[in-house]
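The values are calculated or read from the model by the stated rules, or taken from the named source; none is laboratory data. Since the structure is predicted, the reported quantities are computational estimates derived from the model, not experimental observations. Here Cβ is always computed from backbone atoms with ideal geometry, including for glycine, and neighbour counts include all displayed protein chains. When the accessible area is computed, the model is the full protein with side chains, heavy atoms only, and any ligands, DNA or RNA have been set aside. Shrake-Rupley method; radii C 1.70, N 1.55, O 1.52, S 1.80 Å.
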Amino acid sequence: MSRFFAIVPAAGSGSRMGAERPKQYLELAGRPMLWHALAALTRVSRIERVCVVLSPEDEWWDEFDWLPLAERLQVLRVGGPTRAGSVANALRVLAADLTAEDWVLVHDAARACITDAQVDGLIEALADDPVGGLLAQPVADTLKRSGADGRVAATVSREAMWQAQTPQMFRLGLLRQALQATPGVTDEAGAVEALGLSPRLIAADATNFKLTYPQDLALAELILRARSGA
Ligand code: CTP
Ligand code: MG
């Protein structure tokens, strides 16, 4: 029987958000941003444990009450200097009591609008896959490459282009091997691809965007409040 675990890297500083604290602790629909992703993942019954990765210097986590999520939550204060470093450190901890065959779903704390149904769909699609894969969205807009002067240098075909999201789901052994071999990646799939494997793309929707800039907060708030009926 396959087992499923989640890792939520939340050790970033949120520099593009430009707030007075890391973006994962900004208030969003009445909760810290980080709450929403953790709540969605802990609602997925097939996920045994959700591991949140904090910076060792984190001074905000303890400001909030996480008790309603605590049963399936594990807090790891092992964040590294990069997202991939934070994930690799968490995998090292998990390797103590997981097997190489166990599935790990890595999900950004900053993708606050993920739903348990989207996560469950990903697990359903990939549970028998030899490689693993990720949620992603086919590019809808026409793509432009800019030149040095802020003008269009070229139009790029959007055919077969996808925007990678998270969760990204791989078996623990493969993911550890991939991140050790190629630590400089921006997502797990990139490391797995560098091993010569092809992760599967599972179509997701635009509500699972990554909150990056201040203007993203209002849109996420609208989505979350509409769902909760508030
Ligand atoms: N992350 C992490 N450890 C790091 C850097 C990032 O765990 N050293 C996490 C972030 O907390 C976030 C996810 O990786 O949940 C995606 O990263 P991103 O959206 O880029 O967040 P930040 O790096 O915090 O933001 P920025 O790049 O604007 O500084
Ligand atoms: Mg970043």
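Is region 104-116 home to any residue that is open to solvent by 50 Å² or more (accessible area, probe 1.4 Å) and either among the hydrophobic types (A, V, I, L, M, F, W, C) or not in a helix (DSSP H, G or I) (or both)? Spell out the reasoning first.
First pass over region 104-116, keeping only residues open to solvent by 50 Å² or more (accessible area, probe 1.4 Å): 116.
If we keep only those that are either among the hydrophobic types (A, V, I, L, M, F, W, C) or not in a helix (DSSP H, G or I) (or both) too, we end up with none.
No; the residues of region 104-116 include none that is open to solvent by 50 Å² or more (accessible area, probe 1.4 Å) and either among the hydrophobic types (A, V, I, L, M, F, W, C) or not in a helix (DSSP H, G or I) (or both).
Name the residue, out of Leu73, Leu54, Leu69, that is open to solvent by 20 Å² or more (accessible area, probe 1.4 Å) and without any contact (Cβ under 8 Å) to a residue 60 or more places away in the chain.
Details: Leu54 fails: open to solvent by 20 Å² or more (accessible area, probe 1.4 Å); Leu69 fails: open to solvent by 20 Å² or more (accessible area, probe 1.4 Å).
Result: Leu73 is the single residue among Leu73, Leu54, Leu69 that is open to solvent by 20 Å² or more (accessible area, probe 1.4 Å) and without any contact (Cβ under 8 Å) to a residue 60 or more places away in the chain.
Can you work out which of the residues in region 89-100 that are out of contact with any Gly (no Cβ under 7 Å at 6 or more places or on another chain) and open to solvent by 10 Å² or more (accessible area, probe 1.4 Å) is farthest from ligand 2 (Cβ to nearest atom)? First the steps, then the outcome.
Just the residues of region 89-100 that are out of contact with any Gly (no Cβ under 7 Å at 6 or more places or on another chain), to begin with: 90-99.
Still in the list and also open to solvent by 10 Å² or more (accessible area, probe 1.4 Å): 92-93, 95-99.
Working: Arg92: 21, Val93: 22, Ala95: 25, Ala96: 28, Asp97: 29, Leu98: 26, Thr99: 31 Å.
So the residue we want is Thr99.
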Selection from region 156-215 of residues among the hydroxyl-bearing types (Ser, Thr, Tyr), open to solvent by less than 80 Å² (accessible area, probe 1.4 Å) and under 21 Å from Arg83 (Cα atoms) yields Thr166, Thr182, Thr212
Listed by first then second residue, the pairs whose first member lies in region 16-35 and is more than 21 Å from Pro56 (Cβ to Cβ), whose partner is acidic (Asp, Glu) and open to solvent by 20 Å² or more (accessible area, probe 1.4 Å), with beta carbons under 8 Å and at least 6 positions apart or on separate chains, are Leu28/Glu221; Ala29/Glu221
Condition set closer than 30 Å to Glu48 by Cβ and touching a Phe, Trp or Tyr at 6+ places or on another chain (Cβ under 8 Å), scope region 134-155, selection most open to solvent (accessible area, probe 1.4 Å): answer is Gln137
| field | Filter pass, Gln137 being over 20 Å from Met33 (Cβ atoms) and modelled with pLDDT of 95 or more | value | yes
If you go through Glu221, Glu188, the only one that is in contact (Cβ under 8 Å) with a residue 12 or more places away in the chain, in contact with a helix residue (DSSP H, G or I) (Cβ under 9 Å, 6 or more places away or on another chain) and among the charged types (D, E, K, R) is Glu188
### Message
Any residue at all in region 52-72 that's within 12 Å of ligand 1 (Cβ to nearest atom), among the small types (Gly, Ala, Ser), at pLDDT 95 or above and closer than 19 Å to Tyr213 by Cα?
### Response
no
If we ask which residues in region 187-230 are modelled with pLDDT of 95 or more, assigned to a loop (DSSP other than H, G, I, E, B) and acidic (Asp, Glu), their number turns out to be 1
In region 11-34, anything in a loop (DSSP other than H, G, I, E, B), near ligand 1 (Cβ under 10 Å from one of its atoms) and either closer than 17 Å to Ile223 by Cβ or not small (Gly, Ala, Ser) (or both) is listed as Arg16, Met17, Pro22
Selection from region 163-186 of residues in a helix (DSSP H, G or I) and either at pLDDT below 95 or aliphatic (A, V, I, L, M) (or both) yields Leu172, Leu174, Leu175, Ala178, Leu179, Ala181
Restricting attention to region 1-20, the residues that are more than 14 Å from ligand 2 (Cβ to nearest atom) and either of a type in the set (S, T, N, Q) or open to solvent by 50 Å² or more (accessible area, probe 1.4 Å) (or both) number exactly 4
- Is it the case that Ala160 is assigned to a helix (DSSP H, G or I), modelled with pLDDT of 95 or more and out of contact with any Cys (no Cβ under 8 Å at 6 or more places or on another chain)? no
